[in-house]
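Below is one structure, written out as structure tokens; comments come after it.
The values are calculated or read from the model by the stated rules, or taken from the named source; none is laboratory data. Note that the structure is a prediction, hence the values are computed from the model and not measured. Because the Cβ atoms are built from the backbone with ideal geometry, glycine has one as well, and the counts that use them run over all protein chains shown. These area figures cover heavy atoms from the full protein model, side chains too; ligands, DNA and RNA do not enter into them. Shrake-Rupley method; radii C 1.70, N 1.55, O 1.52, S 1.80 Å.
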Amino acid sequence: MTSLLQDLRFAVRQIRRSPGFATTAVLILAIGIAANVIVIGILQLMILRPLDVPNPDRVMTFAPHVADYPIFSYPEVRDVRDGNTVFSSVAALTIQTFGLEADGVTRPVWGYIVSGQYFEVVGIKPYLGRLLERSDDDRPGGVEELFRFRS
């Protein structure tokens with residue numbers, strides 16, 4: 001305890017001797033701490049937050065760790081969905097690049113191809129109109145065709 005008191009007395013003497021340096025050091029430390037708090041706050045909001053789905057602790061994802069191809073074909077996903085006795089619902093998604101034309105220029109953009117039950121699984125409800133439904137999966141040119149195009 002005496003060592004701590006000696007260190008505090010020495011720190012106070014040094015601050016009195018060079019107040020400009022002490023003020024600069026305190027300001028730099030404050031800016032560094034504030035920057036860390038801001039970065040961690042942004043990471044928390046963007047990456048570490050829980051999923052925006054009902055009951056996120058009950059959502060399971062089947063995906064490859066390292067692969068450039070879908071782990072399941074859409075017919076396999078449909079078979080799991082139709083023969084399912086374990087999960088409350090099953091949905092499929094894959095990421096695809098598309099061409100988006102704006103002002104006569106086509107640019108590549110990332111988008112998702114999703115199955116009909118996807119919006120039901122993640123709990124998204126439209127404000128107006130309707131979203132994809134399970135019945136949309138089986139129509140000609142529906143999700144199965146898009147997944148075939150992807151693989």
Ranking SER115, LEU93, LEU131 by how far each Cα lies towards the positive end of the charge dipole of the stretch 78-131 (+1 on Lys and Arg Cβ, -1 on Asp and Glu Cβ), the top one is LEU131
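Would you mind working out the accessible area per residue for the stretch 1-57, using a 1.4 Å probe, and quoting it in Å²?
Details: 5270 Å² over 57 residues.
The answer is 92 Å² per residue.
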With label points built 7 Å along Cα→Cβ from the Cα atoms of ARG130 and ARG17, find their separation and express it in nm.
8.1
In the neighbourhood of ILE15 defined by beta carbon distances under 14 Å, the net charge of the other residues (Lys, Arg +1; Asp, Glu -1) is +3
Multiply the residue gap between VAL59 and VAL39 by 0.36 nm, knock off their C-alpha separation, and tell me the result in nm, one decimal place.
4.4 nm
Once label points are set 7 Å from the Cα along Cα→Cβ at both SER88 and LEU100, what is their separation, rounded to one decimal in nm?
3.2
In square angstrom, rounded to the nearest 10, how much accessible surface does ARG78 have for a 1.4 Å probe?
50
Give me the accessible area of TYR74, 1.4 Å probe, in Å² rounded to the nearest 10.
10
